[in-house]
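This report refers to the structure that appears directly beneath it.
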Amino acid sequence: MQQVKSEQASILVVDDNPLIQNVIKSLLLNESYDVVCCSNGEEALGALEANEFDVIVCDVMMPRLDGYGLHQQVRDKAQFSHIPFIFLTALGDELEIKRGRETGADDYVVKPFDPRELVSLIRGKILRSKHLQSKSEEQYDTFRKRIIHTLSHEFRTPLVAINTGTELLLDQKSIDQEKAKQLLEAIQRGGQRLEKLVNDFMMMQQVEAGIAERLYQTRARKVELNELMVKMVESIKEEHQGKTVLIEFKESEQKAYAHVYSPHIENILYRLVDNAIKFSQGKKTVLVELLAEETFWCVQVLDRGIGLSASKIKEAIDAFGQVDRDILEQQGGGLGLALASSYAVINKGSLSLVSREGGGVIASLRLPVCPE
């Protein structure tokens, strides 16, 4: 298979007519582009495996694998799906043009074509593609740095507490009971923080591997949400007993049945309430309520905390997203709301965050109503 090794933009031309191939190749070589020509879709797939291309120019009617088939396979493969795809064909009737554009191709050009217009079109696609690639790489680099920063902090902080506490206990020949207790509690907190981080990573791995989906498919049952939430709220209250936090639960006036995997819903609720407590200031009051919305049950967690701007809401739900981490001390790897959102989708629902009038955030979990 012919290979391209150049810093110039590379174009893949796919057409079963040798004359058309030569015309387009000469035209593009004159513009200093690298060009590879193939006679059908199967040859083109081989070329794509062997080279990197900036644009694909493709005929529709070809033997073995036609243009539509090639376009579908290109879009289905993650490593090729970003490449601009231009149909260049003699099929110029209105219905065929409509079909070509509805496939999602980047453009549809009818033969005979104006050479200058084709070159201009290809040049524009290349510039757009390289711009998107540059932005994608920039976003990836930002995301990578955020992960490294978050995880280095989340691993280092509890390890420092564990190692320091252990060293002091080992080095001290005599230490009073109260001091020893404080050190052991610090070690325990560090261990618990690491355990939570590891558990979040394991849960995210289960989501990515489809294990969480299979658990829903095999273990989901008809659940009464009022009963589930009463137990969860009581458990959270007990955990925060003695702290300046008030958690109120407002039940639905009617039975609220949903087809869910209970551990997923409990996990979501715990994370939402925990976040509400974490980001509230002073005496914390968190309201949890269950509302009926036509075909959905809506579990809302309302707080009077720091709130979120519209631009920060997506960041909060993204994996490793932690809003204003450089300003606010936050424990965790930034997977909490991403996991909660994934569990909501697996259970055929959705998770959303909106700013609350008067300050704070409203987190809403919506689950489809299950008939009684």
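The values are calculated or read from the model by the stated rules, or taken from the named source; none is laboratory data. Just so you know, these numbers come straight off a predicted model, no measurement behind them. We place every Cβ from the backbone using ideal geometry, glycine too, and count neighbours over all the protein chains shown.
Exactly one residue out of His259, His264 is outside any helix (DSSP H, G or I) and at pLDDT 95 or above: that is His259. Within segment 21-78, the set of residues being more than 24 Å from Phe113 (Cα to Cα), in contact (Cβ under 8 Å) with a residue 12 or more places away in the chain and among the aliphatic types (A, V, I, L, M) comprises Leu45, Ala47, Leu48, Ala50, Val74.
Condition check ((1) over 20 Å from Leu353 (Cβ atoms); (2) not β-branched (Val, Ile, Thr)) across all residues:
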site: Arg221; (1), (2): yes, yes
site: Lys250; (1), (2): no, yes
site: Ile265; (1), (2): no, no
site: Ile268; (1), (2): no, no
site: Val273; (1), (2): no, no
site: Lys278; (1), (2): no, yes
site: Thr285; (1), (2): no, no
site: Val288; (1), (2): no, no
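Of the numbered conditions (1) closer than 23 Å to Asp16 by Cβ; (2) in the same structural domain as Gln21 (by TED's automatic domain parsing); (3) over 29 Å from the mean Cα position of the chain (by Cα), Pro84 fails exactly one; give the number of that condition. Just one mismatch for Pro84, condition (3).
Does segment 283-297 hold any residues that are modelled with pLDDT of 90 or more and buried (at least 20 other Cβ atoms within 10 Å of the Cβ), and which are they? Within segment 283-297, Val288, Leu290, Trp297 meet the criteria.
Can you spot a residue in segment 138-150 that is on the phi < 0 side of the Ramachandran plot and modelled with pLDDT of 80 or more? No, segment 138-150 contains no residue that is on the phi < 0 side of the Ramachandran plot and modelled with pLDDT of 80 or more. Evaluated against (1) closer than 28 Å to His153 by Cβ; (2) modelled with pLDDT of 90 or more, Lys314 falls short on exactly one condition, (2). Somewhere in segment 238-250, is a residue surrounded by 12 or more Cβ atoms within 10 Å (Cβ to Cβ), modelled with pLDDT under 85 and out of contact with any helix residue (DSSP H, G or I) (no Cβ under 8 Å at 6 or more places or on another chain)? Yes; the residues of segment 238-250 include at least one that is surrounded by 12 or more Cβ atoms within 10 Å (Cβ to Cβ), modelled with pLDDT under 85 and out of contact with any helix residue (DSSP H, G or I) (no Cβ under 8 Å at 6 or more places or on another chain).
Residues in segment 215-229 that are over 13 Å from Val345 (Cα atoms) and not aliphatic (A, V, I, L, M): Thr218, Arg219, Arg221, Lys222, Glu224, Asn226, Glu227. For the criterion of being outside the structural domain of Lys255 (by TED's automatic domain parsing) and either surrounded by 15 or more Cβ atoms within 10 Å (Cβ to Cβ) or not hydroxyl-bearing (Ser, Thr, Tyr) (or both), Gln217 fails.
Take Lys111 and tell me if it is in contact (Cβ under 8 Å) with a residue 60 or more places away in the chain, charged (D, E, K, R) and over 21 Å from Ser129 (Cβ atoms). In short, yes.
Given the criteria in contact with a Leu (Cβ under 6 Å, 6 or more places away or on another chain) and not aromatic (Phe, Trp, Tyr), does Ala44 qualify?
Details: in contact with a Leu (Cβ under 6 Å, 6 or more places away or on another chain): yes; not aromatic (Phe, Trp, Tyr): yes.
Criteria met by Ala44.
Checking the conditions here, which among Gln192, Gln188, Gln172, Gln205 is farther than 30 Å from Ser262 by Cα, of a type outside the set (Ser, Thr, Tyr) and not assigned by TED's automatic domain parsing to the domain that holds Ile265? From the options Gln192, Gln188, Gln172, Gln205, the qualifying one is Gln172.
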